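Scroll down for the structure; my scribbles are underneath it.
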Amino acid sequence: MNSATRVAVIGAGLGGLTAAGYLQRAGFLVTVYEQTAGFARIGAGIVMGANAVRPLMHLGLGPALVAAGIKPDSFLSRSWTPARRCMN
Ligand SMILES: Cc1cc2nc3c(=O)[nH]c(=O)nc-3n(C[C@H](O)[C@H](O)[C@H](O)COP(=O)(O)OP(=O)(O)OC[C@H]3O[C@@H](n4cnc5c(N)ncnc54)[C@H](O)[C@@H]3O)c2cc1C
């Protein structure tokens, strides 16, 4: 596969856009196809761990993430039943 190879990425979620960013950076001609007409908020927010943020930082998205997000001092996750603390 040479760098003029065209790549279709299906889905503009975190995975698809991250893959597209890296493929484009590597010189491939990337087109992203997304089925939805637009994006809407469906939850309270996305909490991303350090391992998930790192590849986005390498794509140069660090300043935008810092501007749009917050850095929590701590994180607590509970299982639904019986509200047992499972990580923090
Ligand atoms: C309410 C909620 C809260 C969450 N909170 C967190 C959190 O706090 N932290 C965390 O790490 N994760 C969280 N997650 C999970 C996280 O959102 C997913 O793991 C992550 O977004 C998955 O990314 P993805 O790119 O694999 O898939 P998606 O984000 O689902 O992206 C897939 C995309 O592909 C598109 N698509 C699918 N089929 C086609 C097709 N045939 N043609 C074109 N487009 C197509 C879809 O429309 C979609 O936009 C949460 C999920 C939900 C639903």
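The values are calculated or read from the model by the stated rules, or taken from the named source; none is laboratory data. Owing to the predicted nature of the structure, the values given are computational and were not obtained by experimental measurement. As a convention, Cβ positions derive from the backbone with ideal geometry for all residues, glycine included, and neighbour counts pool all protein chains shown.
Values as computed for the structure displayed
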| item | result |
| --- | --- |
| Region 31-42 residues that are under 13 Å from L14 (Cβ atoms), paired with ones that are modelled with pLDDT of 80 or more and not in a loop (DSSP other than H, G, I, E, B) (beta carbon under 6 Å, 6 or more apart) | V32/V9; V32/A20 |
| Considering residues of region 15-28 that are within 12 Å of the chain's Cα centre (by Cα) and touching a residue at least 24 places away in the same chain (Cβ under 8 Å) only, the residue nearest to the ligand (Cβ to nearest atom) | T18 |
| Region 6-39, residues that are of a type in the set (S, T, N, Q) and either touching a helix residue (DSSP H, G or I) at 6+ places or on another chain (Cβ under 9 Å) or within 23 Å of G60 (Cβ to Cβ) (or both) | T18, Q24, T31 |
| Among (1) at pLDDT 95 or above; (2) near the ligand (Cβ under 8 Å from one of its atoms); (3) exposed (fewer than 14 other Cβ atoms within 10 Å of the Cβ), the one test that G11 misses | (3) |
| Residue among F75, F39 that is out of contact with any Lys or Arg (no Cβ under 8 Å at 6 or more places or on another chain) and modelled with pLDDT of 80 or more | F39 |
